[in-house]
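A short write-up of the structure that comes next.
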Amino acid sequence: MTEVVHTPRVFSGIQPSGGLTLGNYLGAIKRFVTMQETGIETIYCMVDLHAITVWQDPANLARATRELCAGFIASGIDPEKSILFNQSQVPEHAQLGWIFNCVARMGWMNRMTQFKDKAGKNAEAVSVGLFSYPTLMAADILIYHSTHVPVGEDQKQHIELTRDIATKFNNDYGVDFFPITEPVIEGAATRVMSLRDGSRKMSKSDPSDASRINMTDDADTIAKKIRKAKTDPDALPSEAAGLADRPEARNLVNIYAALADMTVDQVLAEAGGKQFGAFKPMLADLAVAKLSPISTEMARLMQDTAEIDRILGRGADRAQAIAAPILAKTYDIVGMVRSR
Ligand code: TYM
């Protein structure tokens with residue numbers, strides 16, 4: 001079998017469930033912007049079908065989808081350069097998702113740690129969609145033959161599953177059709193932690209609002225949350241190794257590095273020896289300087305939702321133009337009769 005070389009193509013998605021956090025921005029969107037500027041084709045999706053794996057109030061879902069679109073654009077995603085759309089408008093995702101439900105094995109799905117975390121003790125009462133979610137995620141990626149997927153650390157296992165699904169499909173049908181996608185998990189902020197507990201991920205579902213910075217927080221709120229962030233009593237070390245057993249300190253330095261486009265060692269070369277009483281105001285100033293323009297622009301864009309819908313619609317057309325022929329070819333490979 002000759003190996004097909006796939007043209008590089010980037011895909012990633014974010015759920016429009018609740019607002020955007022600093023974790024989403026640093027772990028995902030900011031890096032999406034960098035990839036957009038490399039000249040590789042970039043496709044970014046608001047995964048509304050994923051969001052409804054847990055209950056979403058319809059009006060809130062619609063608002064969160066548009067607000068997420070505004071967040072992408074305000075952060076630097078150019079809807080002409082990148083393809084920007086919401087998942088439900090390109091039905092090929094769900095169609096390929098069904099095929100992948102029939103490729104993925106129960107044993108693989110049972111190992112997904114995110115399902116276990118999210119379902120908790122309640123596994124009997126959660127939706128079937130929450131369990132099969134990763135096969136739809138594999139379809140999101142592979143319906144575009146995407147080769148690279150920028151994500152935060154927490155999505156790594158799902159990308160590994162995507163690779164397993166592509167490999168099994170190719171083997172079962174004796175084809176070299178789907179690429180084996182590379183996760184791109186890079187930079188200082190691939191796992192931004194809670195401001196209240198350095199052992200937990202910063203998340204929009206954390207009941208404590210003080211645990212996270214929301215992209216819609218105003219300057220005072222951002223500064224206050226950073227001032228109150230949990231830390232330890234020691235001064236900052238002058239090298240990254242000194243942060244090994246200090247999760248809260250490491251988190252704040254990582255956030256600083258990611259916001260400032262510096263390495264952790266560069267930050268510590270400047271800030272090593274400082275107490276948190278001095279470092280936190282530096283971080284707060286930086287965070288406000290970087291995030292305020294984004295939240296202001298998001299609010300401005302949200303005043304014209306018709307324009308947002310137009311952008312999403314145009315993105316969906318461009319996305320579908322890539323997805324439809326790949327789905328048709330998949331159906332041919334699987335043996336679905338083309339009756340019309
Ligand atoms: P979601 O919506 O939970 O998060 C979107 C992106 O933000 C990253 N992220 C973080 N990165 C660093 N630190 C954090 N605290 C943090 N919190 C979130 C996530 O890693 C992710 O990159 N299953 C995905 C959505 C999805 C998807 C896809 C992603 C659906 N289909 C296809 C890539 C490709 C999710 O729930 O992300």
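Of note:
- Segment 49-74, residues that are under 18 Å from residue 136 (Cα atoms) and either more than 16 Å from the ligand (Cβ to nearest atom) or aromatic (Phe, Trp, Tyr) (or both): 55
- Test: residue 199 is polar (S, T, N, Q), more than 12 Å from the ligand (Cβ to nearest atom) and either modelled with pLDDT under 95 or open to solvent by 40 Å² or more (accessible area, probe 1.4 Å) (or both): yes
- Test for residue 79: is it more than 10 Å from the ligand (Cβ to nearest atom), closer than 30 Å to residue 175 by Cα and not aromatic (Phe, Trp, Tyr): no
- Matching residues in segment 202-212 - criterion: being more than 12 Å from the ligand (Cβ to nearest atom) and in contact with a helix residue (DSSP H, G or I) (Cβ under 9 Å, 6 or more places away or on another chain): 209, 210
- The number of residues in segment 158-214 that are of a type in the set (Asp, Glu) and within 16 Å of the chain's Cα centre (by Cα) comes to 3.
- Failed item, numbered, when residue 263 is tested on (1) without any contact (Cβ under 8 Å) to a residue 60 or more places away in the chain; (2) open to solvent by 30 Å² or more (accessible area, probe 1.4 Å): (1)
- From the options 91, 79, residue that is assigned by TED's automatic domain parsing to the domain that holds residue 177, surrounded by fewer than 18 Cβ atoms within 10 Å (Cβ to Cβ) and closer than 26 Å to residue 318 by Cα: 91
- Whichever residue in segment 173-191 is part of a loop (DSSP other than H, G, I, E, B) and open to solvent by 50 Å² or more (accessible area, probe 1.4 Å) and, among such residues, is farthest from the ligand (Cβ to nearest atom): 174
- Residues in segment 115-172 that are among the small types (Gly, Ala, Ser) and either within 11 Å of the ligand (Cβ to nearest atom) or in a helix (DSSP H, G or I) (or both): 119, 120, 129, 132, 138, 139, 146, 152, 166.
- When residues of segment 4-24 are limited to those that are more than 18 Å from residue 51 (Cβ to Cβ) and out of contact with any Phe, Trp or Tyr (no Cβ under 7 Å at 6 or more places or on another chain), the one nearest to the ligand (Cβ to nearest atom): 22
The values are calculated or read from the model by the stated rules, or taken from the named source; none is laboratory data. Here the structure is a predicted model, which means the values were calculated and not measured. In this analysis, Cβ positions are derived from the backbone assuming ideal geometry, glycine residues included, and neighbour counts consider all displayed protein chains. Heavy atoms of the whole protein, side chains included, go into the accessibility calculation; ligands, DNA and RNA do not. Shrake-Rupley method; radii C 1.70, N 1.55, O 1.52, S 1.80 Å.
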